[in-house]
Amino acid sequence: MFDGFLVVDKPSGMTSHDVVSILRRTLKQKKIGHTGTLDPFATGVLPIALGEGTKAIPYLDESFKVYSAVMRLGISTDTLDYTGDVIAEKEWRHVTPEMVFEAIPRFIGSIQQIPPMFSALKRDGVPLYKLARKGETVVREPRRIEIRSLHIDRVDLPYVAFTVKCSRGTYVRTLADDIGELLGTGAHLTELRRLASGSFTLAFAKTFEEIAASAGSAPEALLITLRDALAHLPEIMITEPVFNRLKNGIAPLLSDIENNPGTIPDSGLVKIIYRDELAAICDSVPIGNGSLRIERVFNQFSALQQSV
């Protein structure tokens, strides 16, 4: 069994669950999951957690994501992308490239966005997309999102290509639809590619063909370690006696690490490292007995257990 993260370059026409199912068979890995869904029509970065990596998902920093997209002005669909049914067509020929560029600043910063009906959000336990497929529509409350950057890459009307860096929970389909509404034309996405999800980028992404080619020889070379995946968290090194106690659920004491080269922040989570591997995640604020509070212990210690 492998522990870590694998970044897949997801092809179009496949759900995130489909990707997990294929990799479960390819890697013969039972404990596996994705860190967040990517629309079936979309392509690009889909981080996959393997083994103990599934325990690390809540601690990842995927607060911002980067997408490249193409929207088509003049046609609106029920799904807000090209896979849906056309629900409205409007004239777009009055729109100029200058009008497109002038509209963009309205969508940068902290803004409100209403999630689409075709989404995995639930109402009374039922995913909205299931209600939408029945022709039902329910009121969705607007949500606060952040668009950190929004750049127009190409204007070839009625098509507009753009790149957006946005907070987690942003629907790029809705963003395109809102831009189309502001221009008076409506719009839908014809392409969507995720370039990055936090620190997981296309530079690390592998196709199914590349993964299959390495599965029988050196699949470890494809993996991002838990330690690297959580690079945003400060880390503290521990000694063998402290590690032995940690395996039995005994948290490190401040006195165990006061001479440690790592820096202990005043608050927040820290990685506990033993022999270059992630042993645990702890809260850096000590409790009454002077020990850190354990958040999660990891069991990716096949190599470590041989020496303790």
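Determine whether region 47-54 contains at least one residue that is surrounded by fewer than 16 Cβ atoms within 10 Å (Cβ to Cβ) and touching a helix residue (DSSP H, G or I) at 6+ places or on another chain (Cβ under 6 Å). Talk me through it step by step, then tell me what you get.
From region 47-54, those surrounded by fewer than 16 Cβ atoms within 10 Å (Cβ to Cβ) are none; that's our starting set.
Within region 47-54 (the criterion being surrounded by fewer than 16 Cβ atoms within 10 Å (Cβ to Cβ) and touching a helix residue (DSSP H, G or I) at 6+ places or on another chain (Cβ under 6 Å)), the answer is no, since none of the residues qualifies.
The conditions are (1) crowded, with 19+ Cβ neighbours inside 10 Å; (2) more than 16 Å from ALA176 (Cα to Cα); (3) assigned by TED's automatic domain parsing to the domain that holds ARG173, and LYS134 fails exactly one of them. Which is it?
Answer for LYS134: the failing condition is (1).
Report yes if some residue within region 218-231 is surrounded by fewer than 19 Cβ atoms within 10 Å (Cβ to Cβ), at pLDDT 90 or above, in contact with a Ser or Thr (Cβ under 7 Å, 6 or more places away or on another chain) and not polar (S, T, N, Q); otherwise report no.
Within region 218-231, one or more residues are surrounded by fewer than 19 Cβ atoms within 10 Å (Cβ to Cβ), at pLDDT 90 or above, in contact with a Ser or Thr (Cβ under 7 Å, 6 or more places away or on another chain) and not polar (S, T, N, Q).
Tell me, which residue of region 88-123 that is of a type in the set (Gly, Ala, Ser) and touching a Phe, Trp or Tyr at 6+ places or on another chain (Cβ under 9 Å) is surrounded by the most Cβ atoms within 10 Å (Cβ to Cβ)?
First, the residues of region 88-123 that are of a type in the set (Gly, Ala, Ser): 88, 103, 109-110, 119-120.
Applying the additional criterion that residues be touching a Phe, Trp or Tyr at 6+ places or on another chain (Cβ under 9 Å) yields 119-120.
On the way: SER119: 19, ALA120: 13.
Only one residue fits best here, namely SER119.
Of these, ALA251, ALA279, ALA212, which one is at pLDDT 80 or above, in contact with a Cys (Cβ under 9 Å, 6 or more places away or on another chain) and of a type in the set (Gly, Ala, Ser)? Spell out how you get there, then give the answer.
On the way: ALA279 fails: in contact with a Cys (Cβ under 9 Å, 6 or more places away or on another chain); ALA212 fails: in contact with a Cys (Cβ under 9 Å, 6 or more places away or on another chain).
One residue alone meets the criteria, ALA251.
Would you call ARG193 at pLDDT 90 or above and either hydroxyl-bearing (Ser, Thr, Tyr) or part of a helix (DSSP H, G or I) (or both)?
On the way: at pLDDT 90 or above: yes; either hydroxyl-bearing (Ser, Thr, Tyr) or part of a helix (DSSP H, G or I) (or both): no.
So ARG193 fails the test.
Only one of GLY184, GLY169 is at pLDDT 95 or above and on the phi > 0 side of the Ramachandran plot. Can you tell me which? Give the steps one after another, and end with the answer.
On the way: GLY169 fails: at pLDDT 95 or above.
That would be GLY184, the only listed residue that is at pLDDT 95 or above and on the phi > 0 side of the Ramachandran plot.
Counting only residues that are surrounded by fewer than 18 Cβ atoms within 10 Å (Cβ to Cβ) and among the charged types (D, E, K, R), which one in region 55-78 is modelled with the lowest pLDDT?
Step one: of region 55-78, the residues surrounded by fewer than 18 Cβ atoms within 10 Å (Cβ to Cβ) are 57-59, 61-64.
From what's left, among the charged types (D, E, K, R): 61-62.
On the way: ASP61: 94, GLU62: 91.
Ranking the qualifying residues of region 55-78, first place goes to GLU62.
Within region 175-204, take every residue that is closer than 24 Å to ALA103 by Cα and within 14 Å of the chain's Cα centre (by Cα) and give me the one that is surrounded by the most Cβ atoms within 10 Å (Cβ to Cβ). Quick ask: steps written out before the conclusion?
Step one: filter region 175-204 for residues closer than 24 Å to ALA103 by Cα, giving 175-195.
Next, from what is left, pick out any that are within 14 Å of the chain's Cα centre (by Cα): 193-195.
On the way: ARG193: 19, ARG194: 26, LEU195: 17.
Among residues in region 175-204 that are closer than 24 Å to ALA103 by Cα and within 14 Å of the chain's Cα centre (by Cα), the one surrounded by the most Cβ atoms within 10 Å (Cβ to Cβ) is ARG194.
Listed residues ASP81, ASP85; which is surrounded by fewer than 13 Cβ atoms within 10 Å (Cβ to Cβ), acidic (Asp, Glu) and either at pLDDT below 95 or under 23 Å from VAL139 (Cα atoms) (or both)?
Details: ASP81 fails: surrounded by fewer than 13 Cβ atoms within 10 Å (Cβ to Cβ).
None of the other options fit; the residue is ASP85.
The values are calculated or read from the model by the stated rules, or taken from the named source; none is laboratory data. These numbers come from a predicted model, not from an experiment. A quick note on method: Cβ atoms are made from the backbone with ideal geometry, for glycine too, and the neighbour counts reach across all protein chains shown.
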